[in-house]
C-alpha cells in the first residue's frame, strides 16, 4: 500500500484528513514528513495544518517506534478497578514500556490496555506482566 493508494481511497470523503492519517499510521507505523507534505498537497492544506493535526493527537507518530508500547488506561474508572496497584507491581524496566493514557472507553471491563491496536481488558497483575514481557 502506498500513500497514493490511501489518498485515492479517501479522495471523495469530506473531512478526509484524519482517516488518511490513521490509514498512513496503520500502513507505515508513523506519519513521515514526506507523507505530511504529500497529504497537504493532495488536500490543498498547508504542511503546517497537517503537522498541527499530527502533533495534536498523541497516537500519531512522526518516527518509527523502536519497540511497541503498552498504553495503560489510568482514568478514574480503571483506578477504581485497581490499575494503580498493577502499576506498582511492575518492575522499573517494565514501566519504561508502559505509557499512561486516560480512557479507552472500556470502563466496565477495566483495568484496560492497548497494544498495537489490540485491546486487553480485565487486567490483573499476571496478565499485565505477560503483556509487558511480550513487548
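Miscellaneous remarks
- Top-ranked residue of region 107-123 - restricted to ones that are in contact (Cβ under 8 Å) with a residue 24 or more places away in the chain and surrounded by 13 or more Cβ atoms within 10 Å (Cβ to Cβ), ranked as farthest from residue 66 (Cα to Cα): 107
- The single condition among (1) surrounded by 12 or more Cβ atoms within 10 Å (Cβ to Cβ); (2) modelled with pLDDT under 90; (3) more than 14 Å from the chain's Cα centre (by Cα) that residue 104 does not satisfy is (3).
- Of the residues making up region 109-127, those that are more than 13 Å from residue 82 (Cα to Cα) and out of contact with any strand residue (DSSP E or B) (no Cβ under 6 Å at 6 or more places or on another chain) are 116, 117, 118, 119, 126, 127.
- Just one of the numbered conditions (1) under 24 Å from residue 27 (Cα atoms); (2) surrounded by 13 or more Cβ atoms within 10 Å (Cβ to Cβ); (3) touching a residue at least 12 places away in the same chain (Cβ under 8 Å) is not true of residue 67: (2).
- Residues that are surrounded by fewer than 18 Cβ atoms within 10 Å (Cβ to Cβ) and free of Cβ contacts under 8 Å to residues at least 60 places away in the same chain within region 24-41 comprise 27, 28, 29, 30, 32, 33, 34, 37, 40, 41, listed in sequence order.
- Checking residue 79 against (1) in contact with a helix residue (DSSP H, G or I) (Cβ under 7 Å, 6 or more places away or on another chain); (2) farther than 30 Å from residue 7 by Cβ, the condition it does not meet: (1)
The values are calculated or read from the model by the stated rules, or taken from the named source; none is laboratory data. Everything quoted here is computed from the prediction, not taken from an experiment. Using ideal geometry, Cβ is built from the backbone for each residue, glycine included, and neighbour counts are taken over all protein chains shown.
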